[in-house]
Structures are given as structure tokens and as C-alpha cells.
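Notes follow once the structure below has been shown.
The values are calculated or read from the model by the stated rules, or taken from the named source; none is laboratory data. Fair warning: this is a prediction, and the values are worked out from it, not measured in the lab. Methodologically, a virtual Cβ is constructed for each residue, glycine included, from the backbone with ideal geometry; neighbour enumeration extends over all protein chains shown.
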Amino acid sequence: MSAPSLAQACAALLRRDLTLAWRRRGDIAMPVLYALIVTTLFPFALGPESALLQRIASGVVLVTVLLAMLLALDALFRSDIEDGSLEQLVLAPQPLALMLAMKILAHWLATALPLIVVAPLLAGMLHLPAAVMPVLLYSLLLATPLLSLLGAVLVALTAGTRRSGMLLALMLLPLCVPVVIFAAGAVAAAQQGLPWLAPIAWLAAALVLLLVLAPLACAAALRIALDA
Amino acid sequence: MSKWIPLWLHKLGSPPIFYRFAGVLRPWLLTLALLLGAVALYGGLVLAPADYQQGDAYRIIFIHVPCASMSLVVYGVMAFASFLALIWRIKLAEVVAMQSAPIGAAFTFITLVTGSLWGKPMWGTWWTWDARLTSELVLLFLYLGVIGLYHAFEDRRQGARAAAFLALIGIVNVPIVHFSVNWWNTLHQGATLRLLGPSKIAPAMLWPLLTMMAATQLYFLASLCGRVRSDLLDLESGKDWVRKLASGSRGP
């Protein structure tokens, strides 16, 4: 039996993960519902004054999306560890980093994309001006893959542990401070009518860097966490 | 292994030899650290003149600045030991990296607390979202993440390797903390001490500060020796040399 080509292997893994995600559509809806409910709580807590909500809208949406992704990250490798398919992936002749990149891509498509789709709704609930909406979407489009990539490395590190939920938050949140700063900075600049391209460019640069490095780091972390 | 590394350095990597070495070193380091610390405190709290603007409140720098510098130095030590542990799987390097983390976290915590105590009378606030303060807080979280990850594993060596990897990822924050006062112009003052060129501080205040920095470094080494010794005993508890030590006969 000849080994499949690299592109075939990537496509097969992507198709498998997306099929698995589609079979459990309820799980995809959970982060979206979570983000919706958290955003709804803010007007109750702070009062429905529209000037205040407008000012905090972008920050609230960004942090809510970040937390929703954090909750979903835990599941990135869990089912694969339980049924042993992750070990098969480590043993496969294809480069592990590339395979993990495909898994991260599938996870991003299944969890972050729905969140980005509802982000305008969340921002609208907090009266974010429509003119700023595209900037919010750009920054989310760049920030969410960054979080997925960073998170995947840390999830891989905790793969060998039993209780990883709170630990993951403790490890991930300090590392994603710059992402939040630049993403929120872009939207805040746009809201004040200032040029917002510089923070977006920083995010894009960081994304390019992590696209190369994070899968490699993820593979190294997984090897550390799995060799018992 | 290449020839340029002397043999005694290889030998030092073995737990029983390092255990004895650290045991000999530790009292000297601790005595020297306490002595220098006492001299520096006398120089800083009694001999140094009061500041013309801040009065006596500035004297907290004799604690704050050495601890702040140690919070970064200890991270550097931890990251270097982590690197050694990941590449060559040296057991001693894993222990050194993991035992550095709580000491570094303590130094970072002291830095934040003393800075906050000084900030209330001087800046009028306990805390501000300034670049230096925030990045130092992130450093504390990184230390806590490393400690948490280490303890989350059942197998301690595996936990040490995973936490070492996290320590290496987190090292991007160290230059951010160090250069934050140059990169962002915020409330925290810029660098006063310089390696190159004259420092912007009066000599009567400078020498206690430098002495205190030396004292904290020695204290860190002494504390590390002690922690590594007890952790080695725990880790190697099944081995022959520990059993001999515990049964009271002279060690190997």
C-alpha cells in the first residue's frame, strides 16, 4: 500500500475533522450562545445608557469572543486522545506539524467562524456604530486565528493532564494580552476617526509569524506531553 | 560530548555530586547575602540622604529595584535551564528550572507590592495600567502558569518538561518588561541604572542599591541550592545514595 500524498493526507484530515464537527452541530452552537448571553449581561450590569455601551462595545465583543474560544479550545484534542487517533497521527509518516495545522484550521472553522458571523449582532446590541463594524470584523478575522494557534500550543502541552480547563486559562490569557491590545486598539482608533491600519498590520504580521511557528511548537509540545 | 567542556561540569550534573556541592555552597552564599543585605539596608535607610522631592519615601527603591531586576534574571535562569532540560534531558536542569519558578514568582510579587506601596503617596494611586506595571503583572501570571502546569502532571519529569516548554514560550515577555519604559512613554520612570555610561543617580544612593542587587542575587542562588537539594532528595528517593544518606551513614 503506497502512502497518500501530502495534499491528500491534509485534505483527508480536514474532511474528517469538519465531518466530526458537523455531526455534533450542538457543540458548534455552544460558544455562540455563550457569547450571546455574556454580551446580554453587560447592559444589565452597567445600565442601558447607549453612550457608555457604545464606548465599551468593541472591548466587550473582543473579550467575549476570546473567552468563548477559550472554552472551546479544551476540546481541540480531547476526543482524539480518548479514542487514540492522536497517537496514530503522531506515528503517521506525514509531518506532524502540518497535520496539526490542519486540525487547528478545522477547529478555527468550527468555533471561531460562527463567532465572527455573530460578532456584528453582538456589537449591534451594544450600539457600536455601523461605520466601525468592518474594522471590528478585520481585527476579529486576524485575532481569532492568532488565539487558535497560541491556544493549540498550550492545549497540546496540557494533553497529558487530567484537569486542564482553568490551567489553560491561566496559561493562555497572559500570552494573548498583545492580541487583545492591538485588536481593541484598531477598533478604538476607528471609533475616534483615527487611522487604524497600523494595529491591524501588527496583528497580520504576528499571524504570519505564528502560522509558521505555532504548528511546529504545537508538534513539539504534543511530543513532550504524550511520551509517558 | 565535545572536549572543551571540563569534566567537573559533567560531574556536577549528577544528582548526588550536585547535592553535596550545593550543600557546601549554600551556607557561604546565605551568609554573604545576609551580610551584604544588612550593609546595603544600613547604607540605604540611614546613610543615604533623603530625596529633595520625595523625602524618605524613595527609600523603597532599595527593595523594589533589586527585586524587579531579579524577577527578570530568575526568568532568564529558568528559561536557560529549561532549554538545557529540553535539549539534553538533564534531570538536574529540570529541577533547577522548576525550583526557580516559585522564587521568581515571589520576587515578582514583592516588586508589584512595593511598587504599589510607593505609588500611592507618589502617583496618588495603588495601580495604573502603565506598560511597565502591566508587563510585570503578565510576568507574574507566566510564573504562575509554569508552576501550575508543572503540578498538573502525575509524572513529575514529564510535568517539568512541559512546564519548561511553556517557560521558553513566555520568554518573549522578558524584553517587553525590560524595554517597556523606553518603548512606551507612560507613568513609570525610565531606566536610571546603566551598564554603559554614567547612571542617573547620586553615588550615595547608588552604592547601597548595587550592594542590595548583589545581595538579592546571592540570596537567589542560596535559596535555589536549598530548594534543589530537597527536591533532588524527593525525586531520587528510591536511589541508593539517598537511602545511604537517610540511614545516617556517610554518603557516596
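Just one of (1) aliphatic (A, V, I, L, M); (2) within 28 Å of B:Gln189 (Cα to Cα); (3) within 11 Å of another protein chain (Cβ to nearest Cβ); (4) touching a Lys or Arg at 6+ places or on another chain (Cβ under 9 Å) fails for B:Leu142. It is (4).
Among the residues of segment A:210-222, just one is within 11 Å of another protein chain (Cβ to nearest Cβ) and surrounded by fewer than 16 Cβ atoms within 10 Å (Cβ to Cβ), namely A:Leu213. All of B:Leu112, B:Leu117, B:Leu86 fail the test of being of a type in the set (A, V, I, L, M, F, W, C) and under 29 Å from A:Gly160 (Cβ atoms), apart from B:Leu86. Which one of the conditions (1) over 27 Å from B:Ile171 (Cβ atoms); (2) modelled with pLDDT of 90 or more; (3) within 14 Å of chain B (Cβ to nearest Cβ) does A:Val153 fail to meet, given that it meets all the rest? For A:Val153, the exception is condition (1). If you filter segment B:104-134 down to residues that are crowded, with 21+ Cβ neighbours inside 10 Å and in contact with a Ser or Thr (Cβ under 7 Å, 6 or more places away or on another chain), you find that the one that is nearest to the other protein chains (Cβ to nearest Cβ) is B:Thr108.
Taken together, the criteria place B:Gly44 among residues that are more than 17 Å from the chain's Cα centre (by Cα), part of a helix (DSSP H, G or I) and surrounded by 22 or more Cβ atoms within 10 Å (Cβ to Cβ).
Results for (1) surrounded by fewer than 21 Cβ atoms within 10 Å (Cβ to Cβ); (2) out of contact with any Phe, Trp or Tyr (no Cβ under 8 Å at 6 or more places or on another chain); (3) modelled with pLDDT under 90, shown as yes or no for each residue.
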position: A:Thr19; (1), (2), (3): yes, yes, no
position: A:Ala35; (1), (2), (3): no, yes, no
position: A:Ile81; (1), (2), (3): yes, yes, yes
position: A:Pro93; (1), (2), (3): yes, yes, yes
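Residue count for segment A:95-113 satisfying the condition of being among the basic types (Lys, Arg) and surrounded by fewer than 21 Cβ atoms within 10 Å (Cβ to Cβ): 0.
Considering (1) buried (at least 24 other Cβ atoms within 10 Å of the Cβ); (2) within 12 Å of A:Leu66 (Cα to Cα); (3) of a type in the set (Gly, Ala, Ser), the lone condition that A:Ala169 does not fulfil carries the number (1).
Number of residues in segment B:34-79 that are under 23 Å from B:Ser100 (Cα atoms), without any contact (Cβ under 8 Å) to a residue 60 or more places away in the chain and polar (S, T, N, Q): the value is 0. B:Ile17 falls short on exactly one of the conditions (1) touching a residue at least 60 places away in the same chain (Cβ under 8 Å); (2) closer than 30 Å to B:Ala246 by Cβ; (3) not aromatic (Phe, Trp, Tyr), and that condition is (1).
For segment B:78-102, the set of residues classified as under 15 Å from the mean Cα position of the chain (by Cα), surrounded by fewer than 21 Cβ atoms within 10 Å (Cβ to Cβ) and more than 17 Å from B:Val172 (Cβ to Cβ) consists of B:Pro102 only.
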